[in-house]
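The values are calculated or read from the model by the stated rules, or taken from the named source; none is laboratory data. Fair warning: this is a prediction, and the values are worked out from it, not measured in the lab. Cβ coordinates were reconstructed from backbone atoms using ideal geometry, including for glycine residues, and neighbour counts include every protein chain displayed.
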Amino acid sequence: MALAPGILLALACAVVANLAFFLKYRGANAVQRVSPAHPLRSARQLFASKWFTLGMIVAAASWGLHVAALALAPMSVVQVALAAGVVLIAVMADRLFGFKVGGRQWVGLCLTAAALVTLGATLPAMHGSHSRFSSPAMIGFEAGLFGLGGLLIMGPRVGGRVEHHGVMLGAAAGVLFGVSDTAIKALTGIMGAHGAPALLSSPWLAVAIAASVLAFYASARGLQDGEAVPVIAVTGTAANIAGIASGIIVFGDPMPGSAAGIVMQGLAFVLVIVASALMPAPVRSARVSAASA
């Protein structure tokens, strides 16, 4: 069965991705703020930081693990396995990067992980990679997520609170990572059915690249404007929920077959909302301000 290797790859991806986020956080806060008016200059400044560059290298490794997992297991199963890494955010923040993680944050992160795992546990058993998709569902889903990501990026301009913009940008990055992951999942199915050359002619390749680029800038600026633990947690949570939703809506992963399962999934979404309210900004590590590019 290919499902178990896919889950193991997703778990490894979760650990590596969290490490990458913390490295990028340290690097992003050692350079000038990302400017939407000067994207190339902002990218050069970010990559001038050794910490940010190291974080991107580690992120590339996590991306490879994620693609491999998506090729072997259903989308929703992969995202639920990734959810297990949410709790590791607090461990890494406290033990590796010098952040003080409060009790409320621990509870919030544990509730988030429990909610995401509950979403997956209530899904019926699945076999195979589930890479086939409906084009109308794919177009509607991706367009909707792009729109949501755009609203979150605009933040204060559409009524959001300025002090929450870092977290909103993290959520936008997660949503856009969800767009990219959904497109990549579709591409794995296209490649399996028609071979690698078919990827170059697929519009979903362009969608995956565009979403990844936008997520890159949104994530970098969010890490600059917000605190590490909430921004990283909300980014991963948004990406996980988008991935689970795309598995059901786009790729036809089955819904729970009982009323109890549907109620549990509803409860899981409520837990995510409660968990977000339990994660106030932590004390920023003194190491970040002393870090050099």
Can you confirm whether the range 194-207 contains a residue that is in contact (Cβ under 8 Å) with a residue 24 or more places away in the chain, closer than 29 Å to Gly266 by Cβ and buried (at least 22 other Cβ atoms within 10 Å of the Cβ)?
no
Might you let me know whether the range 205-217 holds any residue that is aromatic (Phe, Trp, Tyr) and more than 21 Å from Arg33 (Cβ to Cβ)?
no
Hey, any hits in the range 125-132 for a residue that's more than 26 Å from Phe216 (Cβ to Cβ), modelled with pLDDT of 75 or more and buried (at least 17 other Cβ atoms within 10 Å of the Cβ)?
no
Starting from the range 222-244, take each residue that is under 17 Å from Val117 (Cα atoms) and among the hydroxyl-bearing types (Ser, Thr, Tyr) and list its partners that are at pLDDT below 85 and not in a helix (DSSP H, G or I), counting only C-beta distances under 7 angstrom and pairs at least six apart or across chains.
none
For the range 23-61 the number of residues that are closer than 17 Å to Glu227 by Cα and either touching a Pro at 6+ places or on another chain (Cβ under 7 Å) or of a type in the set (S, T, N, Q) (or both) is 2
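Can you give me the ranges of the helices (runs of 4 or more DSSP H) entirely in the range 134-252 with at least 1 residues that are under 28 Å from Leu109 (Cβ atoms)?
Ranges flagged: 135-154, 165-194, 203-225, 228-249.
In this structure, is Leu96 surrounded by fewer than 17 Cβ atoms within 10 Å (Cβ to Cβ), more than 15 Å from the chain's Cα centre (by Cα), of a type outside the set (S, T, N, Q) and at pLDDT 75 or above? Break it down stepwise before answering.
On the way: surrounded by fewer than 17 Cβ atoms within 10 Å (Cβ to Cβ): yes; more than 15 Å from the chain's Cα centre (by Cα): yes; of a type outside the set (S, T, N, Q): yes; at pLDDT 75 or above: yes.
Considered against the rule, which asks whether it is surrounded by fewer than 17 Cβ atoms within 10 Å (Cβ to Cβ), more than 15 Å from the chain's Cα centre (by Cα), of a type outside the set (S, T, N, Q) and at pLDDT 75 or above, Leu96 comes out as yes.
Kindly state which helices (runs of 4 or more DSSP H) lie completely within the range 1-110 and contain at least 3 residues that are among the small types (Gly, Ala, Ser) and free of Cβ contacts under 8 Å to residues at least 60 places away in the same chain. If you could, list the steps in order and put the result at the bottom.
Details: elements: 3-28, 39-48, 50-72, 75-83, 86-95.
The qualifying helices (runs of 4 or more DSSP H) are 3-28, 50-72.
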